[in-house]
1. Calculate the FRET efficiency for LEU126 and VAL251 from the Cβ-Cβ distance with a Förster distance of 22 Å, rounded to the nearest 0.05.
2. Using a basic spin-label model with each label point 7 Å from the Cα along Cα→Cβ, how many nm lie between THR233 and ALA56?
3. Inverting the mean 1/r over all pairs of different Cα atoms, compute the Kirkwood radius of segment 130-206 and quote it in Å.
4. Given points 7 Å out from each Cα along the Cα-Cβ axis, report the ALA241 to TRP199 separation in nanometres with one decimal.
Amino acid sequence: MNPLDPISASPPDPGAHAPREYRFGPFVFVSGWRSLPGDPWAHRKSEPRIFALCWAAYLMIGALLTLFASRPSGHFALTHYEYGARALYLITMLGAVVLAPMVRLSQARANRPVRELAVDVLIIVLPAHALIWPFPLLTLWSLPTTGALALTITTWTILAFSIAAIALAGNRISRAGAMLSIILCVGIAPALLLVGKLWFGVDPHPALSMLSPFTAAYDLTLTPPGVTPRATTTQFLLAAAPIVPAIAALVIARAGADTAPPDHLQ
């Protein structure tokens, strides 16, 4: 009980219903998802714990369906796992820059949206790095290439949540507009590559592949058989480029955070 907090300092309601506890050694399991008045475990049911649990389950299912499903037939080679590793990276990127911002944009505005979205970025990026950095042990990808992949997912996740912060922190853009902006940012480069290849029969500039997190994985890892991909300085710069619009979006979000009250006060 915190005496400085008027909510926690107030005496508990004697008529409040406390959830049933199930003890197994040093562990305590509490029934129920919702926090009721007088619930001593309410702090364990709050965000971002549920968000982190769902993200961990998403990554685990993605790894089981891609990397762990890449069983080599016959003679083992490191190239057998490249397809699974690339598919796992794309699934992780899809969840980080599209699905996770979509979840947050569908929820009520928090008291400190920019701060809570920053916590969400850490929840997404840190487990993603734990999946990406072991790739050189299973593939022919070098450490610089893996570092470029990790940098790509970091900067694009920051950009996606920065755009979401504009809608959640103020009224400068609607939530649907923010989600549409995120989809356009990550999808415009693949669309241009597809149109240039199918309609005009020309290969666009290779740097265009690095302007989307989904095509960047192919630009960084696709090489002739037996050749180890190595990220160049230009690829590193393009992988870090999304941080520039992300900073601009955060400035706009912070400017509108002081004028927009939470949803329950509107």
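1. 0.35
2. 4.2
3. 15.1
4. The answer from the label model is 2.1 nm.
Computed from the coordinates by the stated procedures, all read-outs in this text should not be read as laboratory data. The structure displayed is predicted, hence computed values, not measured ones. FYI the Cβ positions are ideal-geometry reconstructions off the backbone, even for glycines, and counts take in every protein chain you see.
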